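No lab work stands behind these numbers, since they all come straight from the coordinates. What you see is a predicted model; the values in this text were computed from it and never measured. All Cβ positions, glycine included, derive from the backbone under ideal geometry; neighbour counts span all protein chains shown.
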Amino acid sequence: LRETRESAVFESLSQPCVEAKEPPRGASHGVPLDPGAVHARDLPPRVLGALLARAGLYVGNDSGVTHLAAAAGAPTLALFGPTDAATWTPVGPLVETVSSPDGSMEGLDLARVRVAAAHLLARVSRR
């Protein structure tokens with residue numbers, strides 16, 4: 001079963017990937033999600049790292065998965081609320097951060113996140 005599930009993940013690498021505690025339902029905070037997104041949940045670290053290495057863009061909060069994405073070389077946009085970006089920014093060649101001015105994830109400005117994502121994607125296209 002594990003091998004079959006991992007094979008299915010690798011076959012779906014051309015699809016957008018979403019990792020979340022709960023599967024998204026439709027839109028999240030007014031941002032539509034790609035209906036073909038692959039939910040990368042409960043994968044072994046090696047498989048998740050391989051999946052992230054092929055990501056066109058990873059956006060996530062300060063978490064182990066975000067650090068894994070950066071280490072795997074994925075263009076990584078790390079979002080910081082209560083944690084300190086100066087201390088915890090992931091290490092990788094293509095990392096951008098956006099920090100909340102009030103220290104909460106809810107305080108992140110979507111416009112700033114979009115600008116940072118566009119800037120990161122522009123860096124990727126220049127490589």
Convex hull volume of the Cα atoms in region 84-127, per residue, in Å³? 65 Å³
Which of Leu120, Thr83, Gly107 sits closest to the plus end of the dipole of region 75-125, meaning its Cα is farthest towards the positive end, when Lys and Arg get +1 and Asp and Glu get -1 on the C-beta? Leu120
